[in-house]
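*Asks:* Supplied in structure tokens, the structure appears directly below.
The values are calculated or read from the model by the stated rules, or taken from the named source; none is laboratory data. On a predicted model such as this, the values are computed, not experimentally measured, just so you know. Note: ideal-geometry Cβ built from the backbone for every residue, glycine included; neighbour counts use all protein chains shown.
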Amino acid sequence: MQQIALDIGLRTPPTLDNYFPGPNAAALAHLQQWLPARHQGAPSEISRPQGAPSDVWRLDGAPTYVWGPEGSGKTHLLQAAVAGLRAQGHSVGYLDAETQEPAAFDESWAAVVMDDVHLYGDALQHTAFSWFVQAHALQRPVLAAGRLAPVDLALREDLRTRLGWGHVLGLQLLDEAQSRAVLRQAADARGLVLSDEVMDFTLRRFSRDLGSLMQLLDGLDRYALQTQRALTIPLVKSMLENA
């Protein structure tokens, strides 16, 4: 049976705390160090860039590039990092493939974050390279993500090589056991009683990538609350009929 993804509308804002790593624990740990202000006792190798705001830190000056298939959590991690910095009161340069009129580099930015770089056309590649060079000159951290490893990116060579010379972190999709663990943990966090039967039903029918699983739980949580019904297979079917 073909799996489908939900489009329910309600989404939980991405944070590092609500990212379910599964096989991607190393990438999560790296991003937690990338935002050490949210963790006490940050590792000693993390240092503050000269001239940067006093509570903005970097790992070692090298950029971080996260790559993996669609649904592995790349955008979640990047948006969580942006939200973490903004929560500390910092501005961030953010660029993705949907950006129509990218801003000029701003020296007040605490970091530069670039998502979906594999989709960048010539104009966005020019902007990304300019941002990258200026961020590096000012010792501002760069965090980027794409679907392919740096060596396979069809980008201008000077940008592609810069994306690949720092920390390169590959992400994997969740397997069925990990998907079950994610659903169970997320349901418990929401106070939802998720039976094995409902879990079997949903995993057979819906995409098991991380974003779809979280979207599924958000939708089920909201619909169960609106209808004042227990979380059952008929409720899932009813939600789909009324979506």
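*Asks:* What are the residue pairs meeting all of these: first residue in segment 142-163, first residue over 10 Å from residue 129 (Cβ atoms), second residue crowded, with 21+ Cβ neighbours inside 10 Å and of a type in the set (Val, Ile, Thr), Cβ atoms under 6 Å, and 6 or more apart or on different chains?
*Replies:* 142/112; 143/64; 143/113; 144/117; 145/66; 146/117
*Asks:* Further, regarding this structure: Is it the case that residue 230 is in the same structural domain as residue 91 (by TED's automatic domain parsing) and small (Gly, Ala, Ser)?
*Replies:* Values: in the same structural domain as residue 91 (by TED's automatic domain parsing): no; small (Gly, Ala, Ser): yes.
In short, no.
*Asks:* Exactly one condition in (1) touching a residue at least 12 places away in the same chain (Cβ under 8 Å); (2) farther than 29 Å from residue 94 by Cβ; (3) surrounded by fewer than 14 Cβ atoms within 10 Å (Cβ to Cβ) is false for residue 199; which is it?
*Replies:* (3)
*Asks:* Output the number of residues of segment 156-188 satisfying the condition of being within 15 Å of residue 19 (Cα to Cα) and hydroxyl-bearing (Ser, Thr, Tyr). Walk me through it before giving the result.
*Replies:* Taking segment 156-188 as the starting set, the residues that turn out to be within 15 Å of residue 19 (Cα to Cα) are 171-174, 178-188.
Imposing the further condition that a residue be hydroxyl-bearing (Ser, Thr, Tyr) reduces the set to 179.
Result for segment 156-188: 1.
*Asks:* Can I ask one more? Give segment 92-103 a look and list any residue that's surrounded by 14 or more Cβ atoms within 10 Å (Cβ to Cβ) and either of a type outside the set (Phe, Trp, Tyr) or in contact with a His (Cβ under 9 Å, 6 or more places away or on another chain) (or both), or say none. Give the derivation first.
*Replies:* Start the filter on segment 92-103 by keeping residues that are surrounded by 14 or more Cβ atoms within 10 Å (Cβ to Cβ), which leaves 92-97, 99, 102.
92, 93, 95, 96, 97, 99, 102 - these are the residues of segment 92-103 that are surrounded by 14 or more Cβ atoms within 10 Å (Cβ to Cβ) and either of a type outside the set (Phe, Trp, Tyr) or in contact with a His (Cβ under 9 Å, 6 or more places away or on another chain) (or both).
*Asks:* Another question about this same structure. Can you tell me how many residues in segment 171-201 are outside any helix (DSSP H, G or I) and either closer than 10 Å to residue 231 by Cβ or of a type outside the set (D, E, K, R) (or both)?
*Replies:* Keep residues of segment 171-201 that are outside any helix (DSSP H, G or I), which gives 171-175, 191-195.
With either closer than 10 Å to residue 231 by Cβ or of a type outside the set (D, E, K, R) (or both) added as a condition, the list becomes 171-174, 191-195.
Residues flagged as outside any helix (DSSP H, G or I) and either closer than 10 Å to residue 231 by Cβ or of a type outside the set (D, E, K, R) (or both) within segment 171-201 amount to 9.
*Asks:* What number goes with the only condition from (1) more than 22 Å from residue 236 (Cα to Cα); (2) crowded, with 18+ Cβ neighbours inside 10 Å that residue 161 does not pass?
*Replies:* The single condition residue 161 does not satisfy is (2).
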